[in-house]
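Novice: Here's a structure for you.
The values are calculated or read from the model by the stated rules, or taken from the named source; none is laboratory data. In this text the structure is predicted, and so the values were computed from the model without any measurement. Note that each Cβ is placed from the backbone with ideal geometry, even for glycine, and that neighbours are counted across all protein chains shown. Quick note on the areas: whole protein, heavy atoms, side chains included, nothing else; ligands and nucleic acids left out. Shrake-Rupley method; radii C 1.70, N 1.55, O 1.52, S 1.80 Å.
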Amino acid sequence: MRLPVDRRPWIVFLGVLAAFTIFLWLPLDVSARVKDGISYVFSPLLYFSTRLQGSYGFLTSRIQSYTRLQDENIRLQQLKAELSLKLAQLHEVEVQNREYREMLGYKEKSELDLIAGKVISRAPVNWWQSVTIDRGTEDGVALNSPVLTAQGLIGKVTETMDFESQVLLLVDSGFEVSVIFQESGQYGIAKGRGLNPTGKERDADQESTVLVTYIDTRGKLKPNDKVFTSGLGGVFPKGVYIGEVTKIIPPQSASQTGLYQEAFVKPAIEFSRLENVFINLGKAGKVKTKKKRK
């Protein structure tokens with residue numbers, strides 16, 4: 001069975017061909033008017049099509065430009081983060097190098113027998129009471145060995161192992177050291193005031209974490225007077241810096257009312273940033289070692 005042939009395309013083709021033939025045989029003035037009419041009818045469509053094509057190209061270009069800007073912004077943000085990290089690392093290296101130079105200069109000028117050590121751990125429950133350093137009996141460290149930095153006194157060794165030691169800090173409430181005031185020449189006993197686990201003091205004198213007691217009532221103390229170890233007691237060498245006076249407590253308000261005056265002292269050490277220390281091997285008590293558990 002033969003399928004019917006679709007004659008519509010041929011009919012359209014023949015119609016267009018006939019119209020084109022007639023158009024060619026028209027007089028010039030008539031054909032010109034016909035062309036003008038066709039142009040008048042279709043010119044808005046052509047204009048709209050041209051504008052639409054231009055708008056589409058402009059929109060596509062803007063989208064591509066916005067995408068490129070987004071990618072560039074992300075890249076710049078990443079570069080900024082990398083540079084900020086490198087800058088922070090360089091600053092930390094600079095701080096460490098400055099600290100090392102100060103320690104080296106202090107050791108070269110000091111008459112004390114010093115070895116360098118590093119803080120390797122802090123117990124969360126006694127963050128402000130003690131630290132562990134990477135030096136022990138194998139390095140010559142002994143019980144009660146003084147621990148200090150170029151800035152001042154840190155504390156003393158309270159427990160030793162082969163390659164590690166526990167150091168009781170100056171600010172701990174169980175720490176005591178004999179001191180002397182630079183200007184007045186008065187002696188006293190410096191005691192740590194202790195901090196609670198949150199790092200806040202028990203009263204409003206937040207920076208004065210050392211209290212000096214047993215100061216003669218006749219001594220004329222002054223704020224900002226510098227306090228040093230006196231050398232009395234045989235544990236700490238003389239002349240190690242402690243800090244400066246921030247507040248003077250008169251005898252009537254002291255802990256031993258009427259007998260002595262007292263003074264709050266701000267330590268020279270920023271204990272929260274403590275990393276590198278010196279251990280003085282020249283003055284210490286009897287060596288008491290304990291093997292570290294494996």
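Novice: So with the 1.4 Å probe, I'd like the accessible area per residue for region 84-179, rounded to whole Å².
Specialist: 51
Novice: What's the carbon and sulfur percent of region 235-281's accessible surface, probe 1.4 angstrom, rounded to a whole number?
Specialist: In region 235-281, the share of accessible area belonging to carbon and sulfur is 48 percent.
Novice: While we're on this one: Compute, for E82, the solvent-accessible surface of its heavy atoms (probe 1.4 Å) with the complete set of protein chains present, and express it in square angstrom to the nearest 10.
Specialist: 100
Novice: Continuing with the same structure: Kindly report, to the nearest 10 Å², the accessible surface of R273 as traced by a 1.4 Å probe over protein heavy atoms only.
Specialist: We get 130 Å² for R273.
Novice: Let me ask something additional. On the full set of protein chains, 1.4 Å probe, figure out the accessible area of V119 and give it in Å² to the nearest 10.
Specialist: Around 30 Å² of this residue is reachable by solvent.
Novice: So what's the net charge close to L87: Lys and Arg +1, Asp and Glu -1, counting the other residues with Cβ under 14 Å from its Cβ?
Specialist: My count for the surroundings of L87 gives -1.
Novice: From the protein chains alone at 1.4 Å, what is the descending order of accessible area for Y260, Y106, largest first?
Specialist: So, going from the largest accessible area down, we get Y260, Y106.
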